[in-house]
Amino acid sequence: MNIALASDHAGFELKNGVIAYLAERGITHKDFGCSPGERVDYVDYAEKAINEMIQGNFDRAILICGTGLGMAIVANKHKGIRATPCYDEYMAEMSRSHNNSNCLTLGGRVLPLDEAIHIVSIWLDTDFDKGRHQRRIEKILKLEERNFKSQRI
Ligand code: RB5
């Protein structure tokens, strides 16, 4: 698995902790910013990582802002992206097993590092359940076909 990461200033510190965890597990990843000390707009950094992902260069993304909400809003404007803000273990598990999440968003101002790492580990290690959930994902894909006419994926 190959993971694209990005944060704004509010997610920067938590992103470093997540990067250290991915490195420890030997998971391939790349950080698309922001850099230390910058104050930036989360929109621009979500786009950097998600554009790489929709070009096929990464399997999944982890995006971190203050709450995880802005990053999810931006990521979900892109065809094929299922971005899920997760605040606890149950959400992390469901986001994968039911929603086939391919983009985890976290909040640096609402989650301590140890909880965030636990969420990341569950999100990485939980498989999509398929079955009835696959039918729902296919409905989302059809909806995207209708609403995102211009974007290729
Ligand atoms: C930045 O102050 C904050 O608004 C941003 O990180 C994020 O929480 C937006 O959703």
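Points worth noting:
- The residues of the stretch 50-71 that are surrounded by fewer than 24 Cβ atoms within 10 Å (Cβ to Cβ) and near the ligand (Cβ under 8 Å from one of its atoms), listed by number, are Gly66, Thr67, Leu69, Gly70.
- Some residue of the stretch 122-133 being open to solvent by less than 60 Å² (accessible area, probe 1.4 Å), more than 16 Å from the ligand (Cβ to nearest atom), farther than 27 Å from Cys34 by Cα and aromatic (Phe, Trp, Tyr): yes
- Only residues that are open to solvent by less than 30 Å² (accessible area, probe 1.4 Å) and hydrophobic (A, V, I, L, M, F, W, C) were counted in the stretch 1-31, giving 9.
- Matching residues, the stretch 32-49, being of a type in the set (Asp, Glu) and loosely packed, with under 14 Cβ neighbours inside 10 Å: Glu38
- Options Pro85, Pro112; residue that is in contact with a strand residue (DSSP E or B) (Cβ under 7 Å, 6 or more places away or on another chain) and without any contact (Cβ under 8 Å) to a residue 24 or more places away in the chain: Pro85
- Among (1) within 15 Å of the ligand (Cβ to nearest atom); (2) closer than 17 Å to Met1 by Cβ, the one test that Asn100 misses: (1)
- No other residue among Pro112, Pro85 is under 23 Å from Arg25 (Cβ atoms) and open to solvent by 40 Å² or more (accessible area, probe 1.4 Å) apart from Pro112.
- In the stretch 27-55, the residues that are within 16 Å of Asn102 (Cα to Cα) reach residues that are in a helix (DSSP H, G or I) and open to solvent by less than 60 Å² (accessible area, probe 1.4 Å) with C-beta atoms within less than 6 angstrom, at least six apart or across chains, in these pairs: His29/Leu22; Ala46/Met71; Ala46/Val74; Ala46/Ala75; Ile50/Ala75.
- Any hit, the stretch 141-150, residues being away from the ligand (no atom under 16 Å from the Cβ), in contact with a Ser or Thr (Cβ under 9 Å, 6 or more places away or on another chain), more than 20 Å from Lys30 (Cβ to Cβ) and of a type in the set (A, V, I, L, M): no
The values are calculated or read from the model by the stated rules, or taken from the named source; none is laboratory data. Since this is a predicted model, take the numbers as computed values, not measurements. In this analysis, Cβ positions are derived from the backbone assuming ideal geometry, glycine residues included, and neighbour counts consider all displayed protein chains. The protein model used for the area step is the full one, side chains on, heavy atoms only, and it has no ligands, DNA or RNA in it. Shrake-Rupley method; radii C 1.70, N 1.55, O 1.52, S 1.80 Å.
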